[in-house]
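> Let me begin by handing over the structure; questions about it come next.
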Amino acid sequence: MLPVTSMIPVEEARERILAYFSRLEPERKPLLDALGQVLAEDVVAPFDIPPLDNTAMDGYAVRAADTAGAGEAAPVELRVIADLAAGYVLETPVGPGEAVRIMTGAPVPPGADAIVPFEETDEALRGINEAARKAGSVRILKAANPGANIRRRGEDVQAGSTVIQAGRVLRPSEIGVLASIGLTHVTVIRRPVVAILSTGDEITPPGEPLLPGRIYDANAYSVAALVRKYGGIPRILGIARDTVEDLTAKIREGLDADMLVTSAGVSRGDFDVVKDVLAREGNIDFWSVRMRPGKPLAFGAFTAPDGRKVPHLGLPGNPVSSMVSFELFGRPAIFTMLGRSDWERPTVRAISRDYVKNPDARRFYARCIVTRGDDGRWYADLTGPQGSGMLTSMSSANALAVIPEDVRAANPGDEIECIMLDWEHAP
């Protein structure tokens with residue numbers, strides 16, 4: 001085993017990796033297709049929203065002064081001069097003693113300065129039928145204040161104002177705002193394409209017969225799913241066999257991507273052919289990171305035919321090591337290319353319910369389930385055995401319990417830091 005002093009800290013590995021990455025160029029996308037991407041330029045409103053004063057409720061547009069003193073015992077009767085639906089404009093002004101029956105969203109007619117809801121008129125007493133719309137008068141049962149139930153022009157968005165600033169991640173609410181000012185397309189930071197390559201003679205693609213001594217390729221699919229979840233576009237290259245020719249050809253297939261991710265072939269016991277090809281085809285460093293799982297790591301860059309430098313992240317072969325390493329190093333890289341700086345996951349301090357042994361002086365990321373107890377505090381339970389080949393320990397987990405390098409064990413009742421895998425933001 002390598003001495004701890006020859007291993008680099010997690011933070012140093014991440015810092016060195018992120019130094020290779022920068023925000024990608026912008027692209028023009030249809031509105032819905034841009035969901036989850038980062039806005040590349042400020043969006044300025046071309047008009048006011050609402051464009052006119054409009055009613056917030058179904059009711060009657062009135063002059064507030066005409067309803068003074070109205071009550072159920074002494075209603076005020078007004079003459080109904082029109083029936084106005086949303087999407088239409090009434091040019092005729094509302095005069096003294098008059099009202100306009102109006103639907104939610106319709107522009108307030110000139111002369112009116114308040115909306116009396118149906119519930120505060122005798123219409124609610126007439127029942128649901130055509131007579132309500134044909135009535136020539138309405139009785140007001142409650143006095144209205146000026147401005148009541150009116151949404152003012154520009155109260156949401158004012159013409160010339162910045163509606164959404166560059167750098168914002170577009171959520172469904174932002175998509176709705178952009179649609180409300182008439183946009184069909186928007187300029188966003190391009191999603192990175194991540195090529196994913198598995199290596200090893202023992203790996204078999206899912207769907208093919210599994211021969212003795214072989215295993216199915218879980219790594220490519222778990223990493224591809226993480227890439228897609230974090231906003232990238234995964235492209236699975238398949239499996240490179242342990243020959244110089246096959247591995248070289250597969251690597252070159254991925255050099256049109258923004259990042260190449262490989263799994264296996266980076267530890268001290270792997271076939272030399274993998275390391276030899278990686279080192280020959282690119283500028284690749286092989287590291288030992290002070291973490292468990294995921295100690296072996298490779299990082300560097302290949303030169304694409306067009307001269308671009310394509311960053312390469314070489315993950316360990318064990319499936320849990322591969323996923324944890326991608327969480328710690330691949331996710332920040334994707335976020336950086338997307339123009340996002342919020343790659344750090346939310347954490348909580350939780351009470352351990354288990355004895356968690358740290359086998360050596362490395363940072364241990366234990367898979368756990370974090371729940372809130374009846375006392376309002378967070379509690380962490382291990383998902384079971386923590387072997388780096390047990391992928392079910394990841395599928396059962398919603399968090400990684402972090403046992404620092406200088407802590408030999410966490411005992412039941414100890415408070416530990418937990419990285420929450422399923423949360424986008426802290427609660």
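The values are calculated or read from the model by the stated rules, or taken from the named source; none is laboratory data. This one's a predicted model, so the numbers in the text were calculated from it and none came from an experiment. Every residue, glycine as well, gets a Cβ built from its backbone with ideal geometry; the counts of neighbours run over all protein chains shown. We work out accessible area using only protein heavy atoms, side chains counted, and drop any ligands, DNA or RNA first. Shrake-Rupley method; radii C 1.70, N 1.55, O 1.52, S 1.80 Å.
> What percent does the relative contact order of segment 1-144 come to when contacts are Cα pairs within less than 8 Å and at least six residues apart?
For segment 1-144, the relative contact order is 27 percent.
> Please report the antiparallel percentage of DSSP beta bridges with both residues in the chain, rounded to the nearest 5.
65
> If H312, H425, H185 are ordered by their accessible area, calculated over protein heavy atoms with a 1.4 Å probe, which sequence runs from highest to lowest?
Heavy-atom accessible area, descending, gives H425, H185, H312.
> Give the Kirkwood hydrodynamic radius (Å, one decimal) of segment 114-272, defined as one over the mean of 1/r across all pairs of different Cα atoms.
When all Cα pairs of segment 114-272 are included, the Kirkwood radius is 22.4 Å.
> Taking the Kirkwood radius as the inverse of the mean 1/r across Cα pairs, report the Rg/Rh of segment 86-193.
Result for segment 86-193 is an Rg/Rh of 1.15.
> Compute the relative contact order of the chain as a whole-number percentage, counting only Cα pairs closer than 8 Å that sit 6 or more residues apart in sequence.
Relative contact order here is 16 percent.
> In addition: Grab the alpha carbons of the chain, take their convex hull, and tell me the volume per residue in Å³.
Hull volume over Cα atoms, normalised by residue count, gives 216 Å³.
> I would also like to ask the following. Per 0.36 nm of contour for each residue apart, how much would the distance between D33 and T392 grow if the chain were fully extended, relative to their Cα-Cα spacing?
Net length gain for the segment: 125.9 nm.
> If you don't mind, there's one more thing I want to ask. Ignoring everything but the protein chains, give the 1.4 Å probe accessible area of D201 in square angstrom, nearest 10.
70
> Pull out the extension gain between L210 and F118, defined as 0.36 nm times the separation in residues minus the alpha carbon to alpha carbon distance; nm, one decimal.
26.1 nm
> Would you work out which of N54, A74, Q37 lies farthest towards the positive end of the dipole of segment 1-81, given +1 charges on the beta-carbon of Lys and Arg and -1 on that of Asp and Glu, about the Cα centre?
Q37
> Can you give me the distance in nm between label points at S22 and E72, each placed 7 Å from the Cα along the Cα-to-Cβ direction?
Going from the S22 label point to the E72 one covers 7.1 nm.
> Please work out the Cα center distance from segment 391-410 to segment 202-223, rounded to the nearest Å.
Rounded to whole Å, the Cα centres lie 26 Å apart.
> Moving on to the next point. Considering only protein heavy atoms, what is the solvent-accessible area of M103 at a probe of 1.4 Å, reported in Å² to the nearest 10?
Spelled out: M103, probe radius 1.4 Å, area about 50 Å².
> Tell me, what % of the accessible area of segment 36-87 is carbon and sulfur with a 1.4 angstrom probe?
53
> Relative contact order (percent) for segment 298-427, with alpha-carbon contacts under 8 angstrom and 6 or more residues of separation?
It rounds to 27 percent for segment 298-427.
> Whole-Hz Karplus ³J(HN,Hα) for segment 89-103, in order, using 6.51 cos²θ - 1.76 cosθ + 1.60 and θ = phi - 60°, x for Gly and Pro?
10, 9, 7, 5, x, 7, x, x, x, 10, 8, 10, 6, 9, 9
> For the chain, with only Lys/Arg (+1) and Asp/Glu (-1) charged at the beta-carbon, what is the dipole magnitude about the Cα centre, in debye rounded to 20?
Once rounded to the nearest 20, the dipole reads 620 debye.
> Now a separate question. When the helices in the chain are scored as -39500 (n - 2.57) per DSSP H run of 4 or longer and the sum is shared across all residues, what 222 nm value do you end up with, to the nearest 500 deg cm²/dmol?
Counting only the DSSP helices, I get -4500 deg cm²/dmol.
> Let me ask something else about it. Would you please give the FRET efficiency between S161 and W423, computed as 1/(1 + (r/R0)^6) with r the Cβ-Cβ distance and R0 = 30 Å, to the nearest 0.05?
0.40
> Provide the packing ranking of 44-53, 84-93, 295-304, i.e. peptides ordered by the mean count of other C-beta atoms within 10 Å per residue, highest first.
295-304, 44-53, 84-93
> Something else: Please report the accessible area of W423 (heavy atoms, 1.4 Å probe, ligands and nucleic acids excluded) in Å², nearest 10.
Around 60 Å² of this residue is reachable by solvent.
> State to the nearest 20 debye the size of the charge dipole of segment 130-273 about its Cα centre, where the only charges are +1 on K and R beta carbons and -1 on D and E beta carbons.
About 1740 debye.
> Report, in whole Å, the centroid distance computed from the Cα atoms of segment 153-193 and segment 314-339.
If you average the Cα positions of each part, the centres end up 30 Å apart.
> Pick from G376, G36, G330 the residue whose mean-square fluctuation is largest in a GNM of the chain, springs joining Cα atoms under 10 Å.
Evaluated over the chain, the most mobile residue of the options is G376.
> Now for a separate question. Quick one: angle between helix 272-281 and the longest Cα principal axis of the chain, in degrees between 0 and 90, rounded to 10, please.
Taking the Cα atoms of the chain, the angle to 272-281 is about 60 degrees.
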